[in-house]
Amino acid sequence: MAKSVNKIEENFGVLTKKDAKNKLKKPSLYKVVMLNDDYTPMDFVVYLLKNFFQKNDNEASKIMLEVHNKGAGICGVFTYEIAESKILKVINVSRKNGFPLLLTIEKI
């Protein structure tokens, strides 16, 4: 009986716990990068960082100044799907408020 069960497992690609552990890998991580523009107000950028990236006042202000002074700043590091979702939400709110703010995704 054991031989037939093993044969069935081979034919249908059943994984044991040991096999599953060896084949699982952590998802890739991506940086969400906010780009500077001459139109989006600094206080609006701080608002976005606090509300969509869960930054406190100090962290949001620091990132906003980095975006302003260096042209770009990292909002956070996430899996691709979460990074993409956050970017779409931030861009949507920015456009609804009349601002051309841009964000990008960069693989780490």
Completion exercise
For the stretch 2-45 the number of residues that are under 18 Å from the mean Cα position of the chain (by Cα) and at pLDDT 95 or above is 10
Practice task
Test E106 against the stated conditions and say whether it is surrounded by fewer than 18 Cβ atoms within 10 Å (Cβ to Cβ), of a type in the set (D, E) and either more than 22 Å from K26 (Cα to Cα) or in contact with a Ser or Thr (Cβ under 7 Å, 6 or more places away or on another chain) (or both).
Solution key: no
Handout entry: Enumeration of residues in the stretch 26-38 that are in contact with a Phe, Trp or Tyr (Cβ under 9 Å, 6 or more places away or on another chain), farther than 15 Å from P100 by Cα and in a loop (DSSP other than H, G, I, E, B)
Key = P27, S28
Problem - Residue check, K89 among the basic types (K, R) and in a loop (DSSP other than H, G, I, E, B) - result: no
Fill in the blank from the handout: When the stretch 39-85 is checked residue by residue, the ones that are in contact with a helix residue (DSSP H, G or I) (Cβ under 9 Å, 6 or more places away or on another chain), touching a residue at least 12 places away in the same chain (Cβ under 8 Å) and over 16 Å from L101 (Cβ atoms) are S61, V77, F78
Exercise for the section: Would you confirm whether any residue within the stretch 65-85 is modelled with pLDDT of 95 or more, over 17 Å from Y30 (Cα atoms) and of a type in the set (A, V, I, L, M)? Expected result: yes
Completion exercise
Considering residues that are part of a loop (DSSP other than H, G, I, E, B) and either within 17 Å of the chain's Cα centre (by Cα) or of a type in the set (F, W, Y) (or both), the number found within the stretch 46-73 is 3
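The values are calculated or read from the model by the stated rules, or taken from the named source; none is laboratory data. In this text the structure is predicted, and so the values were computed from the model without any measurement. In this analysis, Cβ positions are derived from the backbone assuming ideal geometry, glycine residues included, and neighbour counts consider all displayed protein chains.
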